[in-house]
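To start, the structure under review is shown below, and the notes come after it.
The values are calculated or read from the model by the stated rules, or taken from the named source; none is laboratory data. Here the structure is a predicted model, which is why all the values come from computation and not from measurement. Note: ideal-geometry Cβ built from the backbone for every residue, glycine included; neighbour counts use all protein chains shown.
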Amino acid sequence: MKQEREESSAEAENRTVLGVDRNVDGYLAVTSTGAFIGNADLLNHKRRKYERRRARLQQRGTRSAHLTIQSIGDTFANWSEDFLHQASKELVNEAVSQDCTTIVFEDLGAFGTVFLTLQSSSSGRSTN
């Protein structure tokens, strides 16, 4: 999610930023406070395991293999969605615990920076 907006100098001075580096070896992200978020090795291991199993089943070419591919695909998609959701919640909780109002993502493997401004809990949105 990218959010671009004009901000006054007063807003810029009162903003506390949590920097997040992505694509760090072994982790999904590392924050400017030193917190390591998510185990990228586990995610990559599960992905490779799923891809190897799918490749074996595709070579079989039977209807049963096709149905199994769909089933394990759904299972992996659900697992990875939950895994990434837990990591994002951990990241937001880190920002909240450090009283940060803005999260800045930097991808160490690519150019660019993404800004995400946290909304206060008075907006009615939950952080989980």
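List of remarks:
- Filtered residues of the stretch 50-85 (kept if among the charged types (D, E, K, R) and surrounded by 14 or more Cβ atoms within 10 Å (Cβ to Cβ)): ARG53, ARG54
- For the stretch 1-42, a residue qualifies if it is over 22 Å from VAL96 (Cβ atoms), at pLDDT 60 or above and not polar (S, T, N, Q), and the qualifying residues are ASP25, GLY26, ALA40, ASP41, LEU42.
- Qualifying residue in the stretch 95-102 (condition: touching a residue at least 60 places away in the same chain (Cβ under 8 Å) and surrounded by fewer than 16 Cβ atoms within 10 Å (Cβ to Cβ)): yes
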